[in-house]
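Input: a single structure, listed below in structure tokens.
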């Protein structure tokens, strides 16, 4: 059995060291530097298990993610994304002899990624583009039934390096994004999936609390309102 503990430890060390180095160099202007994103969404697996004779097919799943971030400046943030997705496929078909053929499968992907986002504006609505790279821990299981007989059963567990391009927008503390998780195949199972996510974030608000100003004429802070800035 392969011992992956040293590899995992080295990966975490590189990520933490990179974030510490970037934090030391960071300068944030209009927005608070630290924030934490929380999101849920719909996971859409790439491809389909449907055949040309399929009569019924269901293919989809859910995901949940948390992503602490630090702003290097008002337009660029770095972070670490922790995400888990679970999807299932149910396919019922029939062949030329009218035999019932059913396939049930499920797969999951848990990831730890180093991420970066570039914000195109500093206004009220903030569209962004970005991405991430890191480790995906994958697993799958499937069974096939012909009429009432179990025809086959299969499973797979693995660890792969993948990356994620993404785009979306933020409005106030609301965030929406579309991501494509590129993981690849293992044991004939395609682990790539789309993520359609909505959520909100703590922190990261505009300094002075002037969320709609776009940075123009924002309120000056005084010793009396520093506590308010911390909680926004």
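Let's see how each residue does on (1) within 25 Å of residue 118 (Cβ to Cβ); (2) at pLDDT 65 or above:
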position: 1; (1), (2): no, no
position: 10; (1), (2): no, no
position: 25; (1), (2): yes, no
position: 32; (1), (2): yes, yes
position: 42; (1), (2): yes, yes
position: 63; (1), (2): yes, yes
position: 69; (1), (2): yes, yes
position: 78; (1), (2): yes, yes
position: 87; (1), (2): no, yes
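Can you spot a residue in region 121-139 that is over 19 Å from residue 44 (Cα atoms), modelled with pLDDT of 95 or more, assigned to a strand (DSSP E or B) and in contact with a helix residue (DSSP H, G or I) (Cβ under 7 Å, 6 or more places away or on another chain)?
Yes, region 121-139 contains at least one residue that is over 19 Å from residue 44 (Cα atoms), modelled with pLDDT of 95 or more, assigned to a strand (DSSP E or B) and in contact with a helix residue (DSSP H, G or I) (Cβ under 7 Å, 6 or more places away or on another chain).
Okay, residues lined up against (1) assigned to a loop (DSSP other than H, G, I, E, B); (2) modelled with pLDDT of 85 or more; (3) in contact with a helix residue (DSSP H, G or I) (Cβ under 6 Å, 6 or more places away or on another chain):
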| position | (1), (2), (3) |
| --- | --- |
| 156 | no, no, no |
| 159 | no, yes, no |
| 166 | no, yes, no |
| 179 | no, yes, no |
| 196 | no, yes, no |
| 201 | no, yes, no |
| 213 | yes, no, no |
| 228 | no, no, no |
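The values are calculated or read from the model by the stated rules, or taken from the named source; none is laboratory data. Just so you know, these numbers come straight off a predicted model, no measurement behind them. Every residue, glycine as well, gets a Cβ built from its backbone with ideal geometry; the counts of neighbours run over all protein chains shown.
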